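Okay, structure first, notes after.
The values are calculated or read from the model by the stated rules, or taken from the named source; none is laboratory data. Note that the coordinates shown come from a computational prediction; the quantities given were computed from them, not determined experimentally. Don't worry about glycine lacking a Cβ; one is built from the backbone with ideal geometry, like all the others, and counts go over all protein chains shown.
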Amino acid sequence: MYRCIKRPITLILNYLDGYVELRAKNFLLIRTTHKKKPFSHNKAWINQIGNFDYVDIIAQNIIKLVDIQATGVYNVGTELKSMLQLAQRTNTKVVPSLCPQGVPTNIQMDLTKFNNL
């Protein structure tokens with residue numbers, strides 16, 4: 001059902017990042033992963049981890065970057081967590097499950113640049 005095409009996507013993203021840097025004088029390019037709040041599914045994956053968070057949290061972090069007039073490429077996220085841990089913040093009835101084969105299990109980003117602001 002799912003097919004992992006991480007390598008081609010990574011190459012495309014790296015190309016686009018470089019293109020934006022080359023063509024723009026002042027730019028803010030944000031990479032992030034956000035989820036709908038509250039968590040609306042009955043099951044949540046215990047074996048997928050990442051820096052994802054709910055839209056309201058990620059939006060606040062993006063606003064901070066805009067307010068300080070940050071430029072460049074930023075990975076915006078929060079602490080490392082499983083999808084189940086995120087889901088349990090807003091849905092106490094969520095049931096643990098495993099993500100399907102082929103779905104990436106580690107989607108964490110390097111937040112060093114963002115955290116050093």
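Below is a table of values for the structure above.
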{"item": "Selection count, the stretch 48-98, where residues are free of Cβ contacts under 8 Å to residues at least 12 places away in the same chain and either among the β-branched types (V, I, T) or farther than 19 Å from M109 by Cα (or both)", "result": "4"}
{"item": "Of all residues making up the stretch 25-46, the number that are over 21 Å from K64 (Cβ atoms), of a type outside the set (S, T, Y) and assigned to a loop (DSSP other than H, G, I, E, B)", "result": "7"}
{"item": "Residues satisfying the stated conditions in the stretch 82-99, i.e. in contact with a helix residue (DSSP H, G or I) (Cβ under 7 Å, 6 or more places away or on another chain) and within 10 Å of F39 (Cα to Cα)", "result": "V94"}
{"item": "Residue within the stretch 57-78 that is more than 18 Å from N115 (Cα to Cα) and modelled with pLDDT under 95 present", "result": "no"}
{"item": "Of residues in the stretch 74-108 being surrounded by 15 or more Cβ atoms within 10 Å (Cβ to Cβ) and among the aliphatic types (A, V, I, L, M), the one farthest from the chain's Cα centre (by Cα)", "result": "V94"}
{"item": "Condition check for R31: among the charged types (D, E, K, R) and touching a residue at least 60 places away in the same chain (Cβ under 8 Å)", "result": "yes"}
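Table: residues versus (1) modelled with pLDDT of 60 or more; (2) out of contact with any helix residue (DSSP H, G or I) (no Cβ under 9 Å at 6 or more places or on another chain); (3) surrounded by 13 or more Cβ atoms within 10 Å (Cβ to Cβ).
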site: I9; (1), (2), (3): no, yes, no
site: K25; (1), (2), (3): yes, yes, no
site: K36; (1), (2), (3): yes, no, no
site: K43; (1), (2), (3): yes, no, yes
